[in-house]
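Enquirer: Sharing a structure, written as structure tokens. Questions coming.
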Amino acid sequence: MAPRPRVPDSLRGRPFSRQQALAAGMTSRQLEGGHLVRPFPRVYVLRGHEMSRADWIAAAALSMPARAQLSHVSRIHAAGLDVGEVIPVHFTIAGDLHLAGDGIRLHRTEVLPPLDDVGVTPAAAFVQHCASATLLEAVAVGDWLLHRRRMSTGEVVDVVRHQSWRPGAHQVGAVLPLLDAGSMSVKESEVRVRLVSAGLPVPEVNVRLEIGGELIGIGDLLMRCVMLVLEYEGRQHAESVRQFNRDIHRYSAFRRHGVEYLQITNEMLEKPKVMVRRVHSRMVELGYDGPPPVFGASWDGLDEAIRRPKRRGR
């Protein structure tokens, strides 16, 4: 008779290692039951459990030796940002380790980046991310990490200064001047960088709009030259009743005080040139007489891998 499927409550709802299972009273035969699946070697989870991003990272970590450090975009995932694919899970290790497995990417190095109690520091992970990310992706990630104080620009500069040979160290220099810690969301960052790369004025981010001593709202992006507020409307604005009501009151206050605003939807952002032209058109209607948007090399570079700077001769 097959062993009765028994999983202690302490192991349910999460991945667990073989060592944890044996310590909790499970037997080797029970670990062979069909009620369990193995996302990685020596790691188990109850069949039917829906793996979250955090679960995949935890499961991968359980399958790795303790000296392997969570790194690259996976360390950024662990910081709370849902960007890119969770698989493969990235680790960095000092020295040599011959360990192959689906779903895990192991980076070998002679000297480890700065570490914290999770893996490499978010600042070090950001530098690593810049080695493969597009410029637009890197700015959005950098803004998010800065705004939530997961890293500082000083920490990034220190990583580059002390480990200038590390992949991403040369590319990060193109990203730092574009970062803005005031940006509260990835999409806000994308809108801002798209506008700037097309030659429009740099918008101010998350500006407190006060008229007559009254705070009428906080604008996502403000084109101060024409006092036009750009508001990104994400899915949460429609799905959250609380957020929806807050938006209604804020837009009502904008109209009451004559503040012009333009709502940017995700559908508009998926056609970025159309979005930029729409913003420029509204700015012109409000009196903007600057140059029209230009979709040249700066624009094209947003969706390309960040280029290493060319070495200058003497």
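Enquirer: What accessible area per residue comes out for the chain, rounded to a whole number of Å², with a 1.4 Å probe?
Expert: 55 Å²
Enquirer: Are there trypsin sites (Lys or Arg not before Pro) in the range 38-101 that DSSP marks as loop and that have at most 15 other Cβ atoms within 10 Å, and which are they?
Expert: Of the trypsin sites (Lys or Arg not before Pro), the ones in loops of the range 38-101 whose Cβ has at most 15 other Cβ atoms within 10 Å are Arg42, Arg47, Arg67.
Enquirer: Taking amide hydrogens as modeled 1.01 Å from N in the peptide plane, which residues meet the under 5 Å criterion relative to Leu81, leaving out close sequence neighbours?
Expert: For Leu81, whose amide H was placed from the backbone, there are no distant partners under 5 Å.
Enquirer: So what is the calculated 222 nm ellipticity per residue for the chain, using -39500 (n - 2.57) for each DSSP H run with n of 4 or more, over all residues, to the nearest 500 deg cm²/dmol?
Expert: -10500 deg cm²/dmol
Enquirer: How far is helix 272-285 tilted, in degrees, relative to the longest principal axis of the Cα atoms in the chain, given as a value from 0 to 90 rounded to the nearest 10?
Expert: 30 degrees
Enquirer: Note down the magnitude of the dipole of the chain about its Cα centre, charges +1 on Lys and Arg C-beta and -1 on Asp and Glu C-beta and zero elsewhere, to the nearest 20 debye. Kindly include the intermediate steps, with their values, before the conclusion.
Expert: Numbers: 41 positive and 34 negative charges, 170 e Å.
Its charge dipole is roughly 820 debye.
Enquirer: Please report, in debye to the nearest 20, how large the charge dipole of the range 27-138 is about its Cα centre when each Lys and Arg carries +1 at its beta carbon and each Asp and Glu carries -1 there.
Expert: Numbers: 9 positive and 11 negative charges, 69 e Å.
My answer is approximately 340 debye.
Enquirer: Across every pair of different alpha-carbon atoms, what Kirkwood hydrodynamic radius in Å does the range 57-176 reach?
Expert: 14.2 Å
Enquirer: While we're here: Can you tell which of Ser281, Phe126, Leu221 lies farthest toward the positive end of the dipole of the chain, using +1 and -1 charges on the Cβ of basic and acidic side chains (Lys, Arg; Asp, Glu)?
Expert: Working it through, the farthest residue towards the positive pole turns out to be Phe126.
Enquirer: With the full set of protein chains in place, find how many percent of the accessible area of the chain is carbon and sulfur; take the probe as 1.4 Å.
Expert: The nonpolar share, carbon plus sulfur, comes to 51 percent.
Enquirer: If Leu62, Leu106 are ordered by their accessible area, calculated over protein heavy atoms with a 1.4 Å probe, which sequence runs from highest to lowest?
Expert: Leu62, Leu106
Enquirer: Here is a follow-up. Please list, by residue number, every one of the GluC sites (Glu not before Pro) in the range 123-204 that is coil in DSSP and has at most 11 other beta-carbon atoms within 10 Å.
Expert: Answer by residue number: there is no such site.
Enquirer: In Å, what is the Rg of the alpha-carbon atoms in the chain, and how long is Dmax?
Expert: Considering the chain through its Cα atoms, Rg and Dmax are 24.0, 83 Å.
Enquirer: Just want to confirm a number: the relative contact order over the range 42-201, from Cα pairs under 8 angstrom separated by 6+ residues, in percent.
Expert: Normalised by residue count, the contact order of the range 42-201 is 18 percent.
The values are calculated or read from the model by the stated rules, or taken from the named source; none is laboratory data. Just so we're clear, the structure is a prediction, and the values are computed from it rather than from any experiment. Virtual Cβ from ideal backbone geometry, glycine too; neighbours counted across all protein chains shown. These accessible areas exclude ligands, DNA and RNA; they are computed on the full protein's heavy atoms, side chains included. Shrake-Rupley method; radii C 1.70, N 1.55, O 1.52, S 1.80 Å.
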